[in-house]
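J.: Below is the structure I would like to discuss, written out as structure tokens.
The values are calculated or read from the model by the stated rules, or taken from the named source; none is laboratory data. This structure is a prediction, so every number in the text was calculated from the model and none was measured. Glycine gets a Cβ as well: all are built from the backbone with ideal geometry, and neighbour counts include every protein chain shown.
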Amino acid sequence: MKAYSMTDNTISSAVIIGAGIFGVSTGVQLARRGIQVTIFNDGSPANGASGRSLSWLNSARMRSEPYHRLRMAGIDRYRTLAAKHPDASWLRFDGGLTWDADNDRNEIDAAYRHELSLAYDALRLSPEKVAGLTPGVDARAITPQGAIFNPGEGWVDLPALIGMLLEEFAALGGVLVTDEGKARVVIESGRAVGAETEKGHFRKADAVVLATGPAVPRMAAESGQVIGDGTPIALLVQTKPLAHPLRAVLNTPRVAIRPAPGGTFSLDADWAADEGVTVREDGSYEIDDSVVAELLAEATKVMEGSPHLEVASVGVGGKPIPGDGEPVIGAFKAIPGYYVAFSHSGATLGLIVGELLACEVATGIEHPMLATFRPERFA
Ligand SMILES: Cc1cc2nc3c(=O)[nH]c(=O)nc-3n(C[C@H](O)[C@H](O)[C@H](O)COP(=O)(O)OP(=O)(O)OC[C@H]3O[C@@H](n4cnc5c(N)ncnc54)[C@H](O)[C@@H]3O)c2cc1C
């Protein structure tokens, strides 16, 4: 590939719609390059998927090789950040523990072999071996096929990370606008020329980045750009603080659990979102408290000592997932100056996507690691 350095910028200004992890990470990278950046968000930063994410940093199980490589680069950037902040309560690499249900869909053996073939750090454990490697798990809940422990995995608290990145963004002269409602991309003569808020604030720019999480496919469609959309409604329950030794991220058949700053835990499960959330006619959400209680009970079963868990908050909304499951990153070729970032696993990818997308936006040079993730594959 052509080399691009911090001095190869071909633009001097950019506007980003969305202050989730993708928008903010891209914004700070562009600002580091000396580009004048404005971010428009319809409320406080991290008020979308990034504010209610399990945020497990991983490349576990099976996926395309380019996607695996991108995720590994994503984890690499977090390791660098963790080395700079060794005592951070918002970024930990305490490993991940996974097991499957005891039925004919149990894939632990296949997943373990696949991970070994990639040299992805993985240990296959029988239930009784778990306690020796990672604390806080009730081994009785682990199915007979056993578990995989991935010592290199971790988690991040995205609101904390976004807050830190925004401090740097502001210090570099970046502008964040949060009180002007929804923004839209402005296209003139077939080219993206800036963005405008609901209140009529227009910011002209050489490049526009669409990073509005679950809203990306609908907003892209407004200018005729097709992005396959598989976004489901997701639910994240935050517990009240409690003293408990669990440190790893747990992915179990009925609940995923990750530790969070302040001794709390984040809980997530697809079935709980499917059964417990109804979308009302006006688009707001109704949450079934009995399903939330069931999710807490599932968490209690897999945590050592069956702790009493209490709900502190429940986050509901779209979990951005492209139609084919792979990230959507880069330029809309049909509309010069218009870029997009839309993906699942945006926590794992947050830092690397910001870095690579900012390079592309600033220099116009395509990065080979994004070659299979272009939006035009849906056209
Ligand atoms: C329950 C759950 C569990 C997850 N688990 C994991 C995991 O374990 N590991 C992992 O890596 N990833 C995980 N993810 C995915 C990850 O959290 C997301 O991919 C990531 O947060 C997406 O970031 P984003 O910046 O694209 O979107 P968002 O965080 O949604 O940010 C978009 C922002 O744009 C704003 N916005 C929208 N429309 C407009 C508009 N018109 N004008 C102005 N602003 C607008 C929104 O308010 C929002 O603040 C999970 C997500 C969820 C919901």
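J.: Given the options Gly364, Gly325, Gly318, Gly337, name the one that is within 20 Å of Val24 (Cβ to Cβ) and in contact (Cβ under 8 Å) with a residue 24 or more places away in the chain.
T.: The match here is Gly318.
J.: Residues that are near the ligand (Cβ under 10 Å from one of its atoms) and modelled with pLDDT of 95 or more, at least 3 per element: which strands (runs of 3 or more DSSP E) completely within region 212-268 meet that?
T.: In region 212-268, the matching strands (runs of 3 or more DSSP E) lie at 233-239, 264-268.
J.: From the list Gly330, Gly276, Gly317, which residue is farther than 24 Å from Arg218 by Cβ, of a type outside the set (A, V, I, L, M), surrounded by 19 or more Cβ atoms within 10 Å (Cβ to Cβ) and within 16 Å of the ligand (Cβ to nearest atom)?
T.: Gly276
J.: Here's another thing I want to ask about it. Can you tell me which residue in region 47-76 is farthest from the ligand (Cβ to nearest atom), limited to those that are among the basic types (Lys, Arg) and within 13 Å of the chain's Cα centre (by Cα)?
T.: Within region 47-76, the match that is farthest from the ligand (Cβ to nearest atom) is Arg71.
Here's the yes/no breakdown for (1) in a helix (DSSP H, G or I); (2) crowded, with 22+ Cβ neighbours inside 10 Å; (3) under 20 Å from the mean Cα position of the chain (by Cα):
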residue	(1), (2), (3)
Asp109	yes, no, no
Ala119	no, no, no
Pro135	no, no, no
Ile148	no, yes, no
Gly173	no, no, no
Val185	no, yes, no
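J.: If I go through region 299-325 residue by residue, how many of them are of a type outside the set (S, T, N, Q) and outside any strand (DSSP E or B)?
T.: Residues in region 299-325 being of a type outside the set (S, T, N, Q) and outside any strand (DSSP E or B): 15 in total.
J.: Quick check on region 10-46: of everything there that is within 13 Å of the ligand (Cβ to nearest atom) and more than 21 Å from Ser343 (Cβ to Cβ), which residue is surrounded by the most Cβ atoms within 10 Å (Cβ to Cβ)?
T.: Restricting to residues being within 13 Å of the ligand (Cβ to nearest atom) and more than 21 Å from Ser343 (Cβ to Cβ), the top hit is Thr38.
J.: Does Ala183 satisfy the condition of being outside the structural domain of Pro253 (by TED's automatic domain parsing), among the small types (Gly, Ala, Ser) and within 11 Å of the ligand (Cβ to nearest atom)?
T.: yes
J.: Moving to a separate point now. Given Arg79, Arg105, Arg63, Arg69, which one is in a loop (DSSP other than H, G, I, E, B), basic (Lys, Arg) and not assigned by TED's automatic domain parsing to the domain that holds Arg247?
T.: Arg63
J.: Okay, moving on. Which of (1) over 17 Å from Leu30 (Cβ atoms); (2) within 15 Å of the ligand (Cβ to nearest atom); (3) surrounded by 20 or more Cβ atoms within 10 Å (Cβ to Cβ) does Leu165 not meet, given it meets every other one?
T.: (1) is the only condition that Leu165 fails.
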